[in-house]
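These notes concern the structure reproduced below.
Nothing in this text is a laboratory measurement; each read-out follows from the coordinates by a stated rule. Values in this document were obtained by computation on a predicted structure and should not be read as measured data. A quick note on method: Cβ atoms are made from the backbone with ideal geometry, for glycine too, and the neighbour counts reach across all protein chains shown.
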């Protein structure tokens, strides 16, 4: 039982430690943190648990080749900024301190390091493997799995279309495979010798049973922990997961310029044609999202959630781990 790394606040050090202490594997989300912040958080997690845990790192992509599309989108969002009383952010590209974060992870040597948005090259995988770190690559298709295996990855994280938040596709500008979690797990287990983690729509014990029956060696759940006592998700986000007003989820680029699944709201509906440009649009809309949370405006911010969001429970993370794990068949 793995607690998915949820960047931007939900994956707190307390959540990581609680899941690991309960017999699962907590994951630190390195995305959107500086390397120094990541290093400090790893120290906190190590002080709170003696159990293994993992770290997730975003693989940087190229800067957008269409700055005019970003400029047009900024003009489209100007009324949103005016209504919320903020200025739009600067739509800049960055590599999320890739090299510095790899140094931090190599020095800390957690049990696992997973990568999202792409596959690191063989030298990165070898460096971490030499430190005893199991390297996991998030994939959404058999072709991506082949690339990860070729780079020396030790484990594949099969992210199905049901998963909340960002799609892990290597190329956001191309077609999205949109395979269900079970279909992807089945496909990968039939053609690849690497262990497979099932991710996407894991929200009930029955989902755990189904994923393991399909051949997965473990499951990764994110939305299921968003309402946990140790979650760092905003109260607005947590309430929306079960609010009558938000019944459906949808893939969108509206908030970050990269496909991500969240609760369908006004912002998503009105900005359905946002261009593919990550992290430029993430920085462009960041002030909007923050202001909307401050103003308790659930229709103007990202509310990342998977397809099983209605099953998200409140309570200690350990109880959620125990509940989900009750779906594991007896040996």
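Cα-based Rg (one decimal) and Dmax (whole number) for the stretch 151-203, in Å?
Radius of gyration, then largest Cα-Cα span, for the stretch 151-203: 11.2, 31 Å.
Would you mind computing, in nm to one decimal, how far apart the modelled labels at residue 180 and residue 217 are, each placed 7 Å from Cα along Cα→Cβ?
Each label point is offset 7 Å from its Cα along the Cβ direction, giving 2.5 nm.
Would you mind calculating the gained length between residue 147 and residue 330 on full extension (0.36 nm times residue separation, minus the Cα-Cα distance), in nm to one decimal?
Using 0.36 nm per residue and subtracting the Cα-Cα distance, I get 62.4 nm.
Could you tell me the distance between the Cα centroids of the stretch 1-44 and the stretch 48-112, to the nearest Å?
17
Can you give the angle from 0 to 90° between the axis of helix 67-84 and the longest principal axis of the chain, with both taken from C-alpha atoms, to the nearest 10?
Approximately 70 degrees, to the nearest ten.
Which number do you get for Rg(Cα) / (2.2 N^0.38 Å) in the stretch 10-61?
My calculation over the Cα atoms of the stretch 10-61 gives 1.09.
What distance in nm separates the simple spin-label points at residue 121 and residue 299, each placed 7 Å from Cα in the Cβ direction?
If labels sit at residue 121 and residue 299, their model points lie 4.9 nm apart.
Using all Cα-Cα distances in the stretch 193-247, what percent lands in each 10 angstrom bin from 0 up to the longest?
22, 39, 27, 10, 1
Have a look at the DSSP beta bridges in the chain and tell me what percent are antiparallel, nearest 5.
20
Once the cut-off is 11 Å, how many percent of the Cα-Cα pairs in the stretch 278-319 end up in the long-distance tail?
72
Give the percent of DSSP beta bridges with both residues in the stretch 175-331 that are antiparallel, rounded to the nearest 5.
So the antiparallel bridges amount to about 55 percent of the total.
How large is log10 I(q)/I(0) at q = 0.13 Å⁻¹ when the Debye formula is applied to the Cα atoms of the chain, each weighted equally and without solvent?
-0.95
Could you give the length gained on full extension between residue 68 and residue 250, defined as 0.36 nm per residue of separation minus the Cα-Cα distance, in nm?
Value of the extension gain: 62.9 nm.
For the chain, what is the mean residue ellipticity at 222 nm derived from helices alone (per DSSP H run of n ≥ 4: -39500 (n - 2.57); sum divided by total residues; nearest 500 deg cm²/dmol)?
Calculated mean residue ellipticity at 222 nm is -11000 deg cm²/dmol.
Seen from all sides and averaged, what is the projected area of the convex hull of the Cα atoms in the stretch 25-154, in nm²?
10.3
Extension gain residue 243-residue 322, at 0.36 nm per residue separation less the Cα-Cα distance, in nm?
Extending this stretch completely gives an extra 25.9 nm.
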